[in-house]
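Here's the structure we're looking at; comments come further down.
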Amino acid sequence: MSRPREGARVPAPLLVPAALGVAFLVLPLVGLLVRAPWSSVGEQLAAPGVGQALRLSLVSATLATLLSLVLGVPLAWVLARSRMRGRSLLRALVTVPLVLPPVVGGVALFLVLGRQGIVGSWLDDAFGITIPFTTTAVVIAETFVAMPFLVVSVEGALRAADTRFEDVAATLGADRWTTFRRVTLPLVAPGVAAGAVLCWARALGEFGATITFAGNFPGTTQTMPLAVYLALQREPEAAIVLSLVLLAVSLATLLLLRDRWLGRAVP
Amino acid sequence: MTLEASVAVRRGSLDLAVDLAVADGEVLAVLGPNGAGKSTLLRVLAGLLPPDGGRVAVDGTPWDDDGVHLPAHRRSLGMVFQDALLFPHLSVADNVGFGLRTRGVGRADRRAAADAWLGRVGLEGLGDRRPAELSGGQAQRAALARALVGAPALLLLDEPLSALDARTRLAVRAELRRHLGDFAGSTVLVTHDPVDAMALADRVVVVEDGRVVQTGTPDEVNRRPRTDYVARLAGLSLLAGTGQGRTVRLDGGGEVAVAEEAAGPVFAAVRPESVALYLSRPDGSPRNVWPARLVGATPHGATVRCELAGEVPLVADVTATAFAELGLVPGAEVWATVKASEVAVYRR
């Protein structure tokens, strides 16, 4: 028989706050499930605005994730591998959106890309392109908020990866770009996947930056979180149903992370 | 395919300055303790680390020189590391064919070349496996095939056997020896294991603290070590002294009688098996009789290797039976004898 492991007993001063903490995190979700108007769920989901908002959310979150991958993976490589000066400053700048209130991000984007903005006015004059209050603005706002999650995750994976594999590739005639494509990227693929899922989940839930920069127009910029907020003021039952959908998507994401990717990333 | 290198690297506490020349088909072993700078030297030869000074040239073409640094991927080389480092996301055959792929060889030709090399290293039919499904010895063989498949001018081996268990090491060493014999280019083998150096190399360079302290054939280095490190590796006791006729006066005090005339600064090397131990001073022929104290004893096959302290520090091998019969324990006072004809003497 094995003896009880040392530290297996939780001291009361820790146990009570821990239990309260669990209750605090779980009870609101239970309340959501309890209060859900289960009899009319189908009806609510079929309402015209819901499908539209859900589709817009999924599409814009996916586009934001793709954009984050295209820009964020190379950025993570630079942060993890290059020896250039000012790298830690760069890392700090890149992670600012992680701690910045999203609504501030929205304001900042508006100031830069809005019609009167530094870049926005030029886009407007030169190409007649207006970004704010379009679906493009939704994707940009979500990318701004979510990309740091991907960058941090991929950078961590790159730092943990064994660089000797890259040395081997070099001795076999692979230049740095070939090495990146054929060796480094496959080695950190689990980290990239985990980062992409995190990024996607964060983009899906984006509210503050989106409503500030893209507004709240059904069909073009009204994503699920915005729809939930609006519905809560007019028809709370619809808000609950919409919240359930987002909860389901979040739980599915979590399961995906645990079983498919995180499991492989941490053998 | 000749390698000529003169490498200088200063990095932290490491100050490396080593000259090497390796001819076609020759295998040079760089032997030295950990931290001597061996692996750094190899990284410079591979182009993975630009040297602070010096020159690396293969067949007269400079790879490193003033203002020249050919990056690793443009050097014609193959390298095998201590761990096989097969790419875990590729099949064994794709690993072996990796270097051909970077050189633009087509898929079918790559596969054919990889399969041929897998056959040569005794891994027929394992090409479709994942590296994780190979044993340590198989993985190291595949790594060797991967390094050799492109027929490089220079083969670099960085402690290629030290991660293997003793039995596997024996088998892979024999195999490696065969492939090195067939290899037309120059080979540099870095190791801290003298057996690897003796078994695989045509010539040995001993590096300590970033400097070459001895060069020679494995046999020369083995029989006539010039530093304590090499002597210990070869299992010899190395005594430095001054020769006067058939006597060597040791720098540390005491004298050793030798069979040949010697003059000037010399080394006297004594093999452990030629040292005999007695509990009381023996009578008779041996001219070298020294009192000593047993300070350490470690089993070494069927014998016990005894470390002796005293005026003349020695290492003695006695059979386990004799060790028991003499009732030796650490701290025991003994008499050590060596025949004069068993002492090798050579100039310092």
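The values are calculated or read from the model by the stated rules, or taken from the named source; none is laboratory data. This structure is a prediction, so every number in the text was calculated from the model and none was measured. Cβ atoms come from the backbone with ideal geometry, glycine included; neighbour counts cover every protein chain shown. These area figures cover heavy atoms from the full protein model, side chains too; ligands, DNA and RNA do not enter into them. Shrake-Rupley method; radii C 1.70, N 1.55, O 1.52, S 1.80 Å.
For chain B, the 222 nm mean residue ellipticity estimated from helices alone, with every DSSP H stretch of n ≥ 4 adding -39500 (n - 2.57) and the total spread over all residues, rounds to -7000 deg cm²/dmol. Computed on the Cα trace of the protein assembly as shown, the radius of gyration divided by the Kirkwood hydrodynamic radius gives Rg/Rh = 1.16. When you work out D = kT/(6 pi eta Rh) for the stretch A:96-252 at 20 °C and 1.002 mPa s, using the Kirkwood radius from C-alpha pairs as Rh and the Stokes-Einstein form, the result is 119 µm²/s. Phi angles of the stretch B:181-197 translate, via the Karplus equation with coefficients 6.51, -1.76, 1.60 and θ = phi - 60°, into HN-Hα couplings of x, 7, 6, 7, x, 8, 10, 10, 10, 9, 7, 10, 9, x, 5, 4, 4 Hz per residue; Gly and Pro are given as x.
Taking one quarter of the surface of the C-alpha convex hull of the stretch A:49-116 gives a mean projected area of 6.6 nm².
In the stretch A:175-212, which residues become less accessible by 50 Å² or more once every protein chain is in place, relative to the chain on its own, using a 1.4 Å probe? Those residues are A:182. GNM on chain B, alpha-carbon springs under 10 angstrom: the most fluctuating residue among B:192, B:73, B:179 is B:73. Using a Gaussian network model of chain A with C-alpha springs under 10 Å, which one of A:150, A:226, A:254 is most mobile by mean-square fluctuation? For chain A, modelled as a Gaussian network with Cα springs under 10 Å, the answer is A:254. Phi angles across the stretch B:277-284 convert, under the Karplus curve 6.51 cos²θ - 1.76 cosθ + 1.60 with θ = phi - 60°, into 3J(HN,Hα) values of 10, 9, 7, 10, 4, x, 8, x Hz, Gly and Pro given as x.
Sequentially through the stretch A:94-101, phi angles give Karplus couplings (6.51, -1.76, 1.60; θ = phi - 60°) of 5, 8, 3, x, 5, 9, 6, x Hz, Gly and Pro residues having no value and appearing as x. One Cα centroid belongs to the stretch B:242-257, the other to the stretch A:53-83; the line between them spans 77 Å.
What are the equivalent ellipsoid semi-axes of the stretch A:1-157, built from the alpha-carbon gyration tensor (square roots of five times its eigenvalues), in whole angstrom, biggest first?
Details: eigenvalues 301, 178, 44 Å².
For the stretch A:1-157, the semi-axes come out at 39, 30, 15 Å.
Here the simple spin-label model places points 7 Å from the Cα toward Cβ, and for residue B:259 and residue A:160 these points are separated by 6.4 nm.
For the stretch A:17-84, what is one quarter of the convex hull surface built on the Cα atoms, given in nm²?
Numbers: hull surface 35.4 nm².
Mean projected area for the stretch A:17-84: 8.8 nm², to one decimal.
In units of the compact-protein estimate 2.2 N^0.38 Å, the stretch B:235-347 shows a Cα radius of gyration of 1.04.
Remark: the stretch B:111-180 projects, on average over all directions, an area of 4.7 nm² (convex hull of Cα atoms).
Scattering from chain B was approximated by placing one identical point on each alpha carbon and applying the Debye formula without solvent; log10 I(q)/I(0) at 0.07, 0.13, 0.15 1/Å stands at -0.39, -1.00, -1.17. Here the calculated FRET efficiency for residue A:104 and residue A:189, from their Cβ-Cβ distance with R0 = 41 Å, stands at 0.75, rounded to the nearest 0.05.
Among A:234, A:176, A:85, the largest mean-square fluctuation in a Gaussian network model of chain A, built with springs joining Cα atoms closer than 10 Å, belongs to A:85.
Scattering from the C-alpha atoms of chain A alone, worked out with Debye: what is log10 I(q)/I(0) at q = 0.07, 0.12 1/Å? Each listed q maps to, in turn, -0.35, -0.90.
Note on the protein assembly as shown: antiparallel DSSP beta bridges, both residues inside, total approximately 80 percent of the bridges counted.
With contacts defined as alpha carbon pairs under 8 Å and 6 or more residues apart, what's the relative contact order of chain A in percent? Mind showing how you got there, number by number?
Working: 301 pairs, mean separation 73.9, N = 267.
Result for chain A is 28 percent.
What does the buried accessible surface come to for B and A, summed over both chains, with the probe at 1.4 Å? Round to 100 Å².
Details: alone 16250 and 15980 Å², together 30440 Å².
Chain pair B/A: roughly 1800 Å² of buried accessible area.
The spacing between the stretch B:1-52 and the stretch B:297-315, judged by their C-alpha centroids, is 34 Å.
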